[in-house]
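Undergrad: Below is one structure. I have some questions about it.
The values are calculated or read from the model by the stated rules, or taken from the named source; none is laboratory data. Being a predicted model, the structure only gives us computed values, none of them experimental. Counting neighbours? That spans all protein chains shown, and the Cβs are built from the backbone with ideal geometry, glycine included. Accessible surface is based on the protein model in full, side chains and every heavy atom, while ligands, DNA and RNA are left aside. Shrake-Rupley method; radii C 1.70, N 1.55, O 1.52, S 1.80 Å.
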Amino acid sequence: MPQKKVRFDDFQLDYARFQLCRCGIPVRLEGLPLQLLMFLVEKRGQLVTREQISNELWRKKDVFVDVEQGINTAIRKIRRALADDAGEPQYLQTVVGRGYRFVAPTAEENVSSHAPAAGFVVSPEELGRAIMSAAGLDPENPRGTSKAHAKDQLKSES
């Protein structure tokens, strides 16, 4: 599954997690409607015919499926999850007799962009010293007393 996230309005579509979220909260959407939503988002702005949807969602299945009813049900579930109105669509536009079009503006997040910058390397020793310092331990004397405890002792001795 691609490591990609697509945002539109308050929604985030996470392809790797196979999940739709609104304001960071997962939205309940079954597998087939979620697959269809991902397919439509990938084709944003383009007309996607019912035949293309059928080929995308049911091409590998050896079971009998009422494809027309399946598409209608999946579209209805997507609209419910997005709180979209078929009469005045914000996300999913119906092109009567032809298919559907995802019409909301999207922004794709590059998941790898959250990785550290190239060339930024921390040695295990440096990482260990940073952790020890954050924990209040003296990296030069890890088995000794903590810095805070040592300071308290100095204050009480003076």
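Undergrad: Could you compute how much accessible surface Thr94 exposes when probed at 1.4 Å, giving the result in Å² to the nearest 10?
TA: Rounded to the nearest 10, the figure is 60 Å².
Undergrad: Out of segment 1-53, which chymotrypsin sites (Phe, Trp or Tyr not before Pro) are coil in DSSP terms and have no more than 14 other C-beta atoms within 10 Å? Each step should come with its number before you reach the end.
TA: On the way: sites: Phe8, Phe11, Tyr15, Phe18, Phe39; in loops: Tyr15, Phe18.
Passing both the DSSP loop test and the Cβ count: Phe18.
Undergrad: If I ignore ligands, DNA and RNA and count only protein heavy atoms, how much of Arg101 is accessible to a 1.4 Å probe, in Å² to the nearest 10?
TA: Approximately 70 Å² of Arg101 is accessible to the 1.4 Å probe.
Undergrad: Roughly how much of Lys4 is accessible, in Å² to the nearest 10, using a 1.4 Å probe?
TA: 30
Undergrad: Shifting gears a bit: Could you list the GluC sites (Glu not before Pro) in segment 10-90 that lie in coil according to DSSP, counting only those with at most 16 other Cβ atoms within 10 Å of their Cβ?
TA: Glu30
Undergrad: In whole Å, how far is the Cα centre of segment 67-91 from that of segment 1-61?
TA: Going from one Cα centre to the other spans 12 Å.
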